Every structure is written in structure tokens, then in C-alpha cells.
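Only one structure is covered here, and it is reproduced in the block below.
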């Protein structure tokens, strides 16, 4: 048996997915089981957060690892540009007018509707792309990612878009 981490031992009652027994087991990422020391709480005493139990650690690990295959954030993009370790092309997929009004430093304007095999031939075939749009209220980055993926191009979305960039205290250029 493996030892519970401090985070695991502080799980809210029932958060491990246990049933009404006093003791259950947890399975970690390596597949080893541990005893859960959190007694099950009556449904009425659980928060709305844990009305649905948290996934076992191995599933959470798989989920969040997979999620990072599809997205990055403003801080990581900025860090790449600041350090000079830019190994991707940053695409602003908003309209050309919005790009002219202000865009992320280093971004190239490729409005989502202009993404085509012909247009993307400007970039080497194995170029990694990071796409962004206005912010969480905009699905342009998702639409652009779909178009790029259909063309066989590696792509990630920069979550937060321009809104997230500005929220991080970063600036736009014109």
C-alpha cells in the first residue's frame, strides 16, 4: 500500500468516491491503492462542490494531462517570447480590424475564415500553432484549432485570449 499524500488525507468526506462504509481505498497514478481515512458524510452535509465525488487521482491525472495537450495559457506564451524560446507560431484568429486595433506581441494575423491549406502553406508543415481570439466569450480559437487540425497541423489554444492576456497585466501592440 502507498501512503496518502497530505492532499489526499485532507479530502472532504466522500470526496474519494467511497460509499457509506467508514473506510475505502484510493488508487494513485501508479495504480497503487491506499486506505482513505475520510468517513463518508451524509449527502445533506456535503457541499455542492462534492455532490459529485472527485474523480480518482489516476483519472484526474489523465484528464488534466490530456487537457494540456490541447491548451496553453497566456503566462506560458509570454514566457516563451520573453525567454526567446518560441517554438510555435502565435496566430491571432480575430478579424484583421481587431488585430490592427491591438494584438499580442509576436502574433500573426490569420482570421479564422482565412485558414485554408493554401494560406497555411506560408508555414513549414510541422509548425506548431497557438491560436487565440478575444477571450473566454469567443469560440474563434476553437474554430481555428479545428481548421488547423483538419489540415494536419499541430495546434493548441491559448486559453483566455486577449482578455486573459490583459488580465495578466500584459500589453498589446498595434
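The table below lists the values:
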item	result
The range 132-156, residues that are closer than 17 Å to residue 104 by Cβ and surrounded by 15 or more Cβ atoms within 10 Å (Cβ to Cβ)	132, 133, 134, 135, 138, 140, 141, 144, 145, 155, 156
Tabulated pairs, the range 157-171, first surrounded by fewer than 17 Cβ atoms within 10 Å (Cβ to Cβ), second part of a loop (DSSP other than H, G, I, E, B), C-beta under 7 angstrom, 6+ apart or interchain	163/134; 163/135; 163/136; 167/160
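Yes/no per residue for (1) touching a residue at least 24 places away in the same chain (Cβ under 8 Å); (2) closer than 15 Å to residue 174 by Cα; (3) touching a helix residue (DSSP H, G or I) at 6+ places or on another chain (Cβ under 7 Å):
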{"site": "72", "(1), (2), (3)": "yes, no, no"}
{"site": "75", "(1), (2), (3)": "yes, no, no"}
{"site": "81", "(1), (2), (3)": "yes, no, no"}
{"site": "86", "(1), (2), (3)": "no, no, yes"}
{"site": "110", "(1), (2), (3)": "yes, no, yes"}
{"site": "113", "(1), (2), (3)": "no, no, no"}
{"site": "127", "(1), (2), (3)": "yes, no, no"}
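Values quoted throughout were computed directly from the atomic coordinates according to the rules given, and no laboratory measurement underlies them. Computed from a prediction, not measured in an experiment: that's the story for all the values here. Note that each Cβ is placed from the backbone with ideal geometry, even for glycine, and that neighbours are counted across all protein chains shown.
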